[in-house]
Amino acid sequence: MTTLTRWDPFQEAMTLREAVNRLFEESFVPALPARDGGFVAALDLSETPEAYIVEMAVPGMKAEDLNVTIENGVLTISGEVKQSEEAKERNYHRIERRYGRFSRNITLPATVRGDAIEAHLEHGVLTLRVPKAEEVKPRKITINVG
């Protein structure tokens, strides 16, 4: 015996809405609200033959406000952007800058040397250079002739 299932157009509409929301959360928008009240800081991840390069936009932040850790191949960058005390006393008409905590986890695609990560903060951009382990670097193999 076959079970009859009714088509619900609203269920498919909610799935489409969720897909569009996910598209915007993972796209080019530099700072989206996170579910926990913070925001998602924008970053770029690139690769050279020697290392992975992570560049994250953290405007107005100081190095002591950021926390960078690596564990089991997962790089975590977190911090908090605080609103100044004098700004809280003002009557705002519009607030577009993001305040609150943020955290980004990046699973790196290959084995890396966590003990040799270099971090540099300049002009509101945090740049991390994560060196690859020797066994994952491309090597040229010489062929000996007989």
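Bear in mind that the values in this text are calculations on the coordinates, not laboratory data. Because the structure is a prediction, the values reported are computed rather than measured. Note: ideal-geometry Cβ built from the backbone for every residue, glycine included; neighbour counts use all protein chains shown.
What is the local net charge at residue 61, summed over the other residues whose Cβ is closer than 13 Å to its Cβ (Lys, Arg +1; Asp, Glu -1)? The answer is +1. The tail of the calculated P(r) for segment 29-136 beyond 17 Å holds 57 percent of all Cα-Cα pairs.
Sites listed here are GluC sites (Glu not before Pro) in segment 80-146 whose DSSP assignment is loop and whose Cβ has at most 10 other Cβ atoms within 10 Å: 89, 96.
Among the chymotrypsin sites (Phe, Trp or Tyr not before Pro) in segment 63-146, those located in a DSSP loop and surrounded by at most 16 other Cβ atoms within 10 Å of their own Cβ are 92, 99. A Förster distance of 25 Å, applied to the separation of the beta-carbon atoms of residue 72 and residue 44, puts the FRET efficiency at 0.65.
Relative contact order of segment 29-136, taken over Cα pairs closer than 8 Å and 6 or more residues apart, is 31 percent.
Neighbour counts of other Cβ atoms within 10 Å put 120, 93 in the fewest-to-most order 93, 120.
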